[in-house]
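Visitor: I have a structure I would like to understand better, so I am pasting it below and will then ask my questions one at a time.
Every number in this text was worked out from the coordinates using simple rules, so none of it is lab data. Just so you know, these numbers come straight off a predicted model, no measurement behind them. Because the Cβ atoms are built from the backbone with ideal geometry, glycine has one as well, and the counts that use them run over all protein chains shown.
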Amino acid sequence: MKNPCSHCRPSISRNPLGLIPLMICLFFFTWGSDASALVIVRHFIGGSPPTTSIGEGNLIEIFHAAADQWERAILDDHTVIVNFGWAPIGGGTHTLIHQGGIPNRETEGTILFNNDTNPHHFQWWLDPTPDHHEEFQTYQESFQNLGGGRINVGRVFSEPVGEFASGNYHDLLSIALHEIGHALGKSLANKSWGQETTEGMIEVTAPQPYPGTVIPLARNHAGVTTHFHPTKIHGRPIMSSAQSRTRQALSELDIVANAQLSRFTNITLNPLHSHRISHQAAPVDFLPANTTVRTDNEKRNEVAFQ
Ligand SMILES: [Zn+2]
């Protein structure tokens, strides 16, 4: 934060009345820095949206909605700077830039979203109202017992109406939530990663909720990845694979995993504050974790989703 209050600085020395805006600014600045909260500093670094995207929304507003959802989920006092923008990178990417502190956490990272027009890469639907989900007709939650009790593993909006219903477009809000999830701990470059993962799994321990939960991770040719296993975990949590024509919200599993990795202890397990959909489907309880169902969509998305 280089200059939190520059608009009132020139008047301080010349005019005693300048003290009034200074005091006001100091009040807000002090109040903000004392509050215990996760602060995701959002720094837009530019780029243009792809000409192939649909929807009247924009990356900045959608990224704010995603960061706000994570800030509602994690209430620990921590600040992370996230640079974000458009670039021809195929899908979504996250790069850790700085980390530190006790417990160790990422303090700055960069998230990029694809803006090339290759039909085999992610093409976007840009929701003009990313805080609301009125374009979807169905919302469904799913649950699975991974050893620590029945935990929510998916909050998914589907059956969209309008232009998002046609074509192979992905919801940019869902991918922004996913990439911020990497910035909050799920990164191979994060020093906490190796300490909190063993044999391709994240073990949830007290004081986190659902202690005893064991989260299997996906693998690729290089070994264990920072994504949930696409078939052993059901229900499409944010940190699993993406699917076109749907929206994923943060699941309990997404939040608890990041809390375990980055030692957050003050979390809210349902940060959604608006559904506004016409139909809430009955919850789904999946079978134990060794049941596998694999679709072509999952295989394809593993390639583009980083
Ligand atoms: Zn990823």
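Visitor: Counting only residues 5 or more places away or on other chains, whose amide H sits under 5 Å from the amide H of T79 once H atoms are built in the peptide plane?
Guide: V39
Visitor: Next question, about the same structure. Provide V156, V161 in ascending order of the number of other Cβ atoms located within 10 Å of each residue's Cβ, fewest first.
Guide: V161, V156
Visitor: Sorted by mean Cβ packing within 10 Å, highest first, what order do the peptides 145-153, 205-213, 95-103, 258-266 take?
Guide: Descending mean neighbour count gives 258-266, 145-153, 205-213, 95-103.
Visitor: Kindly put R245, R236 in sequence by how many other C-beta atoms sit within 10 Å of each C-beta, fewest to most.
Guide: R245, R236
Visitor: Same structure again: Under the rule of at least 5 residues apart or a separate chain, name every residue whose amide H is placed under 5 Å from the amide H of H227.
Guide: Here A218 satisfy the definition.
Visitor: Show me the ranking of peptides 215-224, 187-196 by mean Cβ neighbours inside 10 Å, starting with the highest.
Guide: The densest-packed peptide leads the list: 187-196, 215-224.
Visitor: How would you classify region 146-242 from its alpha-carbon gyration tensor, with a ≥ b ≥ c the square roots of the eigenvalues: rounded for a/c under 1.5, else prolate if a/b is greater than b/c, otherwise oblate?
Guide: prolate
Visitor: Charges only on Cβ, +1 for Lys and Arg, -1 for Asp and Glu: so what's the dipole of region 96-171 about the Cα centre, in debye to the nearest 20?
Guide: Approximately 460 debye in magnitude.
Visitor: OK, next. Using the count of nearby Cβ atoms within 10 Å as a rough guide to exposure, how do L250, L75, L38, L177 rank from fewest to most?
Guide: Ordered from fewest to most neighbouring Cβ atoms within 10 Å, L250, L75, L38, L177 come out as L75, L38, L177, L250.
Visitor: Quick one: which residues, 5+ away or cross-chain, put their amide H under 5 Å from the amide H of I151? H built at 1.01 Å from N.
Guide: Sorted by chain and number, the residues that satisfy this are Q144, N145, L146.
Visitor: Which of the listed residues, W124, G100, H182, is farthest toward the dipole's positive end in region 99-217, when Lys, Arg count +1 and Asp, Glu count -1 at the beta-carbon?
Guide: Of the listed residues, the answer is G100.
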